[in-house]
Amino acid sequence: MFKTTAFSLSLSLLLAIGTAEARVSGGMADRASPDRVRVTWTASAPVDVYLASTPDAPRDKMKLVSDDDRDGQFEWGADLLSRPYFLLVDTRDGHGTRVAERVLPLTQGSNFRDIGGYSTADGRTVRWGQIYRSGATPTLTDQDMERIRNLKLAEMVDLRSSDERVLAPTRIEGVPYSAVGYSMAALSLGGKPGIPEMEAVYRGFPELLVPQIRVLFASLLRHDGPVVYNCSAGQDRTGFATALILRALGVPMETVLADYHLSTTYRRPEYEMPKLTPELIAANPGAAMYAQYQKDPKYLKPQPLKNASGQSYLTFALDEIDRRWGSVDAYLQAEAGVGPAEMARLRKLYLE
């Protein structure tokens with residue numbers, strides 16, 4: 001949970017591509033231990049490290065916690081309830097790079113993470129602390145819920161089917177909640193002979209999830225505050241929705257795919273579905289499937305989101321969009337009412 005992986009580091013390095021003018025690059029933050037946050041970066045000059053408790057604090061309102069830092073790393077004491085935001089300032093030119101933890105350190109959460117910090121093709125950056133993605137949240141501890149309350153979420157958009165929401169209701173309270181019902185069976189409908197199951201499922205997302213995508217983008221455009229959206233694992237339907245958001249904001253495809261594959265690192269399947277009782281299994285069509293998963297030891301180990309040839313499942317959904325609508329922009333305009341004016345508003349709201 002608190003271990004930095006080589007994949008996470010390589011993702012951070014990837015995010016710096018295309019921003020050579022920024023002398024601070026590869027910045028990332030993670031939990032060195034439950035009460036320590038480690039910040040690392042690459043720079044050709046000393047860096048001043050500033051700290052704030054909000055993602056958009058101006059520099060003059062932030063606390064200087066390390067000046068003239070030359071070793072590319074810094075640790076700060078932080079309990080699990082706090083969410084520190086750092087600003088790494090190049091001492092030569094004053095350029096600042098904001099950094100925060102990608103994944104929230106929840107005790108019994110799965111894949112709850114911030115999609116901020118990613119660079120766009122034109123050199124801007126997705127704002128931290130505004131858009132979160134997650135797996136299901138039925139087993140959160142009281143401390144986890146307090147941690148999430150501190151995010152001051154304005155809306156939660158649940159991408160799951162009606163069956164899943166009954167089996168694993170969220171424990172997040174006090175946040176406006178949106179969902180559009182459908183059957184779990186709809187995920188596997190529409191498959192064609194000869195097309196592997198996961199490819200068929202992903203190719204069905206652009207049509208199946210239109211109502212949910214409308215709700216999600218409407219929430220983002222209202223901008224009442226930070227938004228979180230989720231499915232059960234926080235990887236498939238949530239991965240598709242995240243790809244649409246990041247592509248709408250101008251994030252390059254290679255970064256979108258890298259973020260998608262972080263789910264293999266950050267999922268914790270044992271906290272995505274509570275233990276199912278015989279009564280629930282008898283009453284709910286989707287319960288038997290999940291009950292079988294819970295009996296399989298492989299259920300607890302997230303699997304890579306690729307087919308046997310190494311192709312990302314996400315690409316099947318995006319290929320389907322290109323085939324039927326021509327582009328993500330065209331899809332969002334046709335199906336979610338996100339045209340050029342709305343796209344410009346999204347970028348104004350969520351990029352810096």
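The values are calculated or read from the model by the stated rules, or taken from the named source; none is laboratory data. Nothing here was measured: the structure is a model prediction, and the numbers come from that model. Because the Cβ atoms are built from the backbone with ideal geometry, glycine has one as well, and the counts that use them run over all protein chains shown. Surface accessibility is based on the protein's heavy atoms, side chains included, excluding ligands, DNA and RNA. Shrake-Rupley method; radii C 1.70, N 1.55, O 1.52, S 1.80 Å.
Of the helices (runs of 4 or more DSSP H) that lie entirely inside the stretch 296-352, those containing 2 or more residues that are aromatic (F, W, Y) and in contact with a helix residue (DSSP H, G or I) (Cβ under 8 Å, 6 or more places away or on another chain) span 313-324. Between R92, R70, R124, the distinction of being over 22 Å from E173 (Cα atoms), of a type in the set (D, E, K, R) and surrounded by 13 or more Cβ atoms within 10 Å (Cβ to Cβ) belongs to R124 only. Summed over the stretch 268-309, the residues that are aromatic (F, W, Y) and without any contact (Cβ under 8 Å) to a residue 60 or more places away in the chain give a count of 2. A single member of T54, T42 is within 25 Å of the chain's Cα centre (by Cα), β-branched (V, I, T) and not in a loop (DSSP other than H, G, I, E, B), and it is T42. The residue that is farthest from G94 (Cα to Cα), counting only those in the stretch 43-80 that are in contact with a helix residue (DSSP H, G or I) (Cβ under 8 Å, 6 or more places away or on another chain) and modelled with pLDDT of 95 or more, is A52.
Looking at the structure I just gave you, is T265 without any contact (Cβ under 8 Å) to a residue 40 or more places away in the chain, hydroxyl-bearing (S, T, Y) and open to solvent by 40 Å² or more (accessible area, probe 1.4 Å)? No, not satisfied.
What do you reckon, is R92 within 26 Å of E270 (Cβ to Cβ) and either of a type in the set (A, V, I, L, M, F, W, C) or touching a residue at least 40 places away in the same chain (Cβ under 8 Å) (or both)? Taking the combined requirement at face value, the residue does not satisfy it.
Scanning the stretch 219-248 for residues that are more than 20 Å from Y118 (Cα to Cα) and either touching a strand residue (DSSP E or B) at 6+ places or on another chain (Cβ under 6 Å) or open to solvent by 40 Å² or more (accessible area, probe 1.4 Å) (or both) yields S219, R222, D224.
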